[in-house]
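The values are calculated or read from the model by the stated rules, or taken from the named source; none is laboratory data. All figures in this text were calculated on a predicted structure; none of them were measured in a lab. Please note: Cβ atoms are built from the backbone with ideal geometry, for glycine as well, and neighbour counts cover all protein chains shown.
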Amino acid sequence: MIKTDIRSYFPILDQEINGHPLVYLDSAATTQKPIQVIEAIKHYYENENSNVHRGVHTLGNRATDSYEGAREKVRKFINAKSTEEIIFTRGTTDSLNMVAASFGRANVGEGDEIVITYMEHHSNLIPWQQLAKEKNATLKYIDMNPDGTLSMDKVKEAITDQTKIVSIAFASNVLGTVNPIKEIAAVAHAHGAVIVVDGAQGVPHFKTDVQDLDCDFLAFSGHKMCGPTGIGVLYGKKEHLENMEPLDFGGEMISIVGLYESTWADLPYKFEGGTPNIAGAIGLGAAIDFLEEIGMDNIIEHEHNLSRYAIEKLSAIDGVSIYGPHDPTKRSGLVTFNIDGVHPHDVATILDMEGIAVRAGHHCAQPLMKWLECTATARASFYVYNTEADIDRLVEGLRTAKEYFANVNE
């Protein structure tokens with residue numbers, strides 16, 4: 001169980017918005033940062049600030065130890081075999097583009113298939129669109145069930161011997177749907193394909209074991225798991241990473257540079273050209289410490305309870321449509337919805353006047369909006385610092401919005 005005083009670790013939550021105590025329900029977009037993460041970044045800049053891997057002086061050694069210590073924390077957090085399989089990137093989008101541009105270009109050819117789903121975030125859709133166009137390959141979509149889940153029968157129909165890459169969200173940022181990654185990976189591998197996992201909405205919420213999932217690549221972002229912005233991770237199986245070409249050329253990613261030829265550094269450094277986001281990596285390491293102290297099992301239990309409570313309360317409001325599976329154990333900690341006759345941007349504006357932050361729009365998932373037959377939705381997303389009282393405030397705000405627009409439309 002998560003301690004009731006955990007909000008005290010998040011200084012940003014102790015403020016008023018438009019005269020009301022802040023209720024932050026937009027954690028799927030970015031999470032707030034605990035004081036432990038803020039202090040870790042501050043400590044680095046005050047005591048260790050130096051470039052990594054390049055010097056033999058004391059500050060350089062301290063910075064390198066902290067940076068590589070963060071890499072080891074990531075490795076342990078997702079149970080990778082080696083730190084060679086952990087590449088620091090700018091975030092999930094950067095990681096997925098790296099896989100598409102390096103691994104994809106080398107392994108996908110004319111007539112090959114790339115398989116994704118309608119629920120993918122644009123970051124896990126557009127790179128594959130572009131690769132398919134460049135290689136004259138086929139981009140295929142796995143059909144979804146009416147509740148926004150996937151059936152393994154439809155997965156098996158979509159993946160064939162022509163499939164080279166299957167790329168899929170760990171959990172949908174709109175529907176909350178948690179996908180059966182391990183089972184899909186087994187199907188992909190049976191056909192000789194690799195599986196890429198967009199873990200942006202999964203790794204922050206669920207205990208993740210890449211060896212158990214048997215995924216070939218996993219991408220995720222620090223800022224969605226209490227870490228800073230601008231830092232992310234690409235996990236890749238060593239055998240894939242060794243055969244991939246780097247995309248960023250310059251300092252630190254080289255072994256030997258000649259006038260006309262160069263060779264690359266060992267893993268993971270050949271993919272980390274230039275000065276890395278050292279403070280970001282250290283902040284991510286501190287965030288992992290924070291989450292592990294809470295316990296990932298406690299986090300998902302907390303989110304399931306909040307999702308169950310939110311679905312129950314929102315379902316009691318006339319005219320509210322909730323998208324995605326209604327079973328909270330089949331979804332991550334978010335609820336996406338619409339109110340009949342009220343645009344989600346108007347809903348979000350009214351809620352903001354009440355001090356409640358939610359997200360409204362297409363959520364970088366326009367093909368999914370088309371599948372849902374709507375242009376936009378409102379989304380309330382939860383994390384470790386949210387409570388049932390926050391959901392009660394949300395429900396009150398939605399009733400206010402519904403009443404306001406009912407009077408306006410009379």
Select from the range 261-289 the residues that are under 20 Å from the mean Cα position of the chain (by Cα) and among the β-branched types (Val, Ile, Thr) and write down the one among them that is surrounded by the fewest Cβ atoms within 10 Å (Cβ to Cβ).
-> ILE288
From the list PHE10, PHE77, PHE88, pick out the single residue that is of a type in the set (Phe, Trp, Tyr), over 24 Å from SER172 (Cα atoms) and surrounded by 18 or more Cβ atoms within 10 Å (Cβ to Cβ).
-> PHE10
Is it true that some residue in the range 107-116 is under 24 Å from LYS370 (Cβ atoms) and either within 14 Å of the chain's Cα centre (by Cα) or free of Cβ contacts under 8 Å to residues at least 12 places away in the same chain (or both)?
-> no
Filtered residue count, the range 380-404, keeping only those that are touching an Asp or Glu at 6+ places or on another chain (Cβ under 8 Å) and closer than 13 Å to ILE6 by Cβ = 2
Any idea which of (1) touching a Cys at 6+ places or on another chain (Cβ under 9 Å); (2) farther than 23 Å from THR177 by Cα is the one LEU241 doesn't satisfy?
-> (1)
Could you check the range 36-142 for strands (runs of 3 or more DSSP E) lying wholly inside it with 3 or more residues that are within 28 Å of ALA287 (Cα to Cα) and touching a strand residue (DSSP E or B) at 6+ places or on another chain (Cβ under 9 Å)?
-> 86-89
Among (1) part of a strand (DSSP E or B); (2) buried (at least 18 other Cβ atoms within 10 Å of the Cβ); (3) not aromatic (Phe, Trp, Tyr), which single condition is LEU150 missing?
-> (1)
Scanning for something at pLDDT below 95, under 19 Å from the mean Cα position of the chain (by Cα) and within 30 Å of GLU72 (Cα to Cα), does the range 302-315 turn up at least one residue?
-> no
Qualifying position, being surrounded by 24 or more Cβ atoms within 10 Å (Cβ to Cβ), of a type outside the set (S, T, N, Q) and under 10 Å from the mean Cα position of the chain (by Cα), among VAL174, VAL166, VAL203 | VAL203
Considering each of ARG331, ARG308 in turn, give the residue that is surrounded by fewer than 20 Cβ atoms within 10 Å (Cβ to Cβ), touching a helix residue (DSSP H, G or I) at 6+ places or on another chain (Cβ under 8 Å), under 22 Å from ARG359 (Cβ atoms) and not small (Gly, Ala, Ser).
-> ARG308
State yes or no: is LYS402 part of a helix (DSSP H, G or I), outside the structural domain of VAL174 (by TED's automatic domain parsing), basic (Lys, Arg) and modelled with pLDDT under 95?
-> yes
Quick one: which strands (runs of 3 or more DSSP E) sit completely within the range 230-280 and have at least 1 residues that are within 28 Å of GLN211 (Cβ to Cβ) and of a type in the set (A, V, I, L, M)?
-> 232-236
Among the residues of the range 362-398 satisfying the criterion of being free of Cβ contacts under 8 Å to residues at least 60 places away in the same chain and under 24 Å from ILE12 (Cα atoms), which is surrounded by the most Cβ atoms within 10 Å (Cβ to Cβ)?
-> ALA378
Hey, among the residues in the range 217-260 that are buried (at least 18 other Cβ atoms within 10 Å of the Cβ) and among the hydroxyl-bearing types (Ser, Thr, Tyr), which one's farthest from GLY280 (Cα to Cα)?
-> TYR235
